[in-house]
Amino acid sequence: MAVLYITEQGSVVNLAAGRVAVRKGEELIQDMPVFKLEQIVAYGNIHLTPAVIKHCLRQGIEVAFLSGPGKYEGRLQPEFTKNAVTRLKQYQRAVNPDFCMKLATTIVIGKVRNMIAMIKQQRRLREALRESGRNGAREDGRAPLAELEALCARVPGAKSLENLNGHEGAATVMYFKAFRAALKGDWKFETRQYHPPQDPVNVLLSLGYTLLYNDLYAAVNLVGLDPYMGFYHQPRHGHAALASDLMEDLRAVLVDRMVLTALNRRVFSEADFQRDPADKLLLKQEALKRFFALYAQTVQEKTWYAYAAIQTSYRQVMELQVRHFARVLAGEEPLYHPFNAEAALNGK
């Protein structure tokens with residue numbers, strides 16, 4: 001099964017002779033056997049014929065739409081899951097403040113632990129941290145890695161979601177200082193920026209997180225949960241809060257690692273970026289294709305999934321984590337276990 005990423009602006013997606021085909025005018029851009037199609041991600045101005053739309057609806061294939069800058073806009077999805085009991089359990093848990101706080105705390109701890117694992121795994125990050133400990137440490141003399149470990153130990157004592165947000169925000173600042181130090185070359189990356197990203201590193205991170213969010217949204221739908229009812233991220237109009245919850249422990253090991261490795265290996269250069277008429281920094285067309293291909297390759301990488309003690313792909317990990325989460329909501333399992341990046345990066 002495969003995800004079809006479509007980036008060629010003005011292209012048309014059609015069905016022909018058992019294959020899904022992407023054409024621009026008379027030119028065939030890409031195609032694949034229809035039985036392999038798992039999902040379509042359409043970036044920008046893409047046209048789907050009625051035949052493709054009907055096929056996707058009938059076969060349970062979701063279509064996600066991203067804007068030109070890579071922002072998630074929405075999706076075409078099949079009939080909503082019929083598993084009302086699963087969603088009812090989710091809603092019952094979501095109105096229990098003690099349960100929400102316990103689950104949110106676990107999510108934040110998992111995210112920070114995976115940040116720490118990412119730092120430990122990167123040689124350049126380790127070197128940068130040793131240097132910062134000698135020359136740029138805080139008054140207590142601890143390097144960012146030690147600060148993250150200390151912060152992680154404080155997270156269980158948080159008394160509210162606001163406290164948790166404060167801990168998560170502080171951890172993110174520390175983590176991206178180390179991330180910046182590990183980058184080769186001058187990418188003008190100072191800190192994590194969101195709306196809109198103003199440097200190439202933030203452009204790639206934002207696009208990667210958008211794709212990860214989309215994949216978690218699809219997995220949540222598949223399992224039968226409501227993607228808009230979260231536990232750490234609070235519900236708000238138009239935001240799939242549960243998808244955001246469940247992507248937190250995968251950000252560092254999947255997207256951040258992918259972006260850092262790609263930039264340090266010069267897969268992308270400054271020439272791959274341009275500004276649109278609204279002064280937003282974007283990837284150029286050919287670079288965008290490379291990024292989608294890189295993401296598709298990354299999510300198919302095999303990794304060690306410690307909770308089930310199996311070797312599987314990151315894409316399968318997403319579904320397994322959502323199913324595990326659903327069992328916790330149903331009371332079938334006592335605790336939610338975030339994805340263990342340290343075990344994955346160390347091969348167990």
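Identification of strands (runs of 3 or more DSSP E) wholly contained in region 265-348 with 1 or more residues that are more than 29 Å from Ala104 (Cα to Cα) and open to solvent by less than 60 Å² (accessible area, probe 1.4 Å) yields 273-275, 281-283. If you filter region 1-18 down to residues that are over 29 Å from the mean Cα position of the chain (by Cα) and assigned to a strand (DSSP E or B), you find that the one that is surrounded by the most Cβ atoms within 10 Å (Cβ to Cβ) is Leu15. Inspect region 102-109 for any residue being farther than 27 Å from Arg257 by Cα and either open to solvent by 20 Å² or more (accessible area, probe 1.4 Å) or β-branched (Val, Ile, Thr) (or both) and give the result as yes or no. Checked region 102-109: at least one residue is farther than 27 Å from Arg257 by Cα and either open to solvent by 20 Å² or more (accessible area, probe 1.4 Å) or β-branched (Val, Ile, Thr) (or both). Over 27 Å from Phe291 (Cα atoms) and of a type in the set (Asp, Glu): is that true of Glu79 in this structure? So Glu79 fits the description; yes. Figure legend. Inter-residue proximity from region 83-100: first residues over 10 Å from Leu329 (Cβ atoms) and assigned to a helix (DSSP H, G or I), second residues modelled with pLDDT under 95 and open to solvent by 90 Å² or more (accessible area, probe 1.4 Å), beta-carbon distance below 6 Å, spacing 6+ or different chains. No pairs are indicated. Residues that are surrounded by 19 or more Cβ atoms within 10 Å (Cβ to Cβ) and part of a loop (DSSP other than H, G, I, E, B) within region 235-264 comprise just one, Ala240. On the basis of being closer than 26 Å to Pro197 by Cβ, in contact (Cβ under 8 Å) with a residue 24 or more places away in the chain and touching a Pro at 6+ places or on another chain (Cβ under 9 Å), does Phe291 make the cut? For Phe291, the condition - closer than 26 Å to Pro197 by Cβ, in contact (Cβ under 8 Å) with a residue 24 or more places away in the chain and touching a Pro at 6+ places or on another chain (Cβ under 9 Å) - is not met.
For (1) within 27 Å of Leu282 (Cβ to Cβ); (2) in contact with a Phe, Trp or Tyr (Cβ under 7 Å, 6 or more places away or on another chain); (3) modelled with pLDDT of 85 or more, each residue gets a yes or a no:
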| residue | (1), (2), (3) |
| --- | --- |
| Ala42 | yes, yes, yes |
| Lys54 | no, no, yes |
| Gly60 | no, no, yes |
| Thr81 | no, no, no |
| Gln92 | no, no, yes |
| Asn96 | no, no, yes |
| Cys100 | no, yes, yes |
| Thr106 | no, yes, yes |
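Within region 180-213, restricting attention to residues that are in contact with an Asp or Glu (Cβ under 9 Å, 6 or more places away or on another chain) and in a helix (DSSP H, G or I), the residue that is nearest to Glu73 (Cα to Cα) is Gly208. Out of region 20-74, which residues are part of a loop (DSSP other than H, G, I, E, B) and open to solvent by 50 Å² or more (accessible area, probe 1.4 Å)? Selection gives Gly25, Glu26, Asn45, Pro69, Lys71.
Assess whether Leu216 counts as being assigned to a loop (DSSP other than H, G, I, E, B) and buried (at least 20 other Cβ atoms within 10 Å of the Cβ).
On the way: assigned to a loop (DSSP other than H, G, I, E, B): no; buried (at least 20 other Cβ atoms within 10 Å of the Cβ): yes.
Judged against the criteria, Leu216 is not a match.
Among residues belonging to region 179-200 that are in contact with a Lys or Arg (Cβ under 7 Å, 6 or more places away or on another chain) and not acidic (Asp, Glu), point out the one that is modelled with the lowest pLDDT. Across region 179-200, the extreme among qualifying residues is Pro196. Pairs linking a residue in region 191-205 that is closer than 13 Å to Lys280 by Cβ to a residue that is in a loop (DSSP other than H, G, I, E, B) and β-branched (Val, Ile, Thr), with Cβ atoms under 9 Å and 6 or more positions apart or on different chains, are Asn202/Thr191.
The values are calculated or read from the model by the stated rules, or taken from the named source; none is laboratory data. It should be emphasised that the depicted structure is a prediction, and the values quoted were computed from it without experimental measurement. We place every Cβ from the backbone using ideal geometry, glycine too, and count neighbours over all the protein chains shown. These area figures cover heavy atoms from the full protein model, side chains too; ligands, DNA and RNA do not enter into them. Shrake-Rupley method; radii C 1.70, N 1.55, O 1.52, S 1.80 Å.
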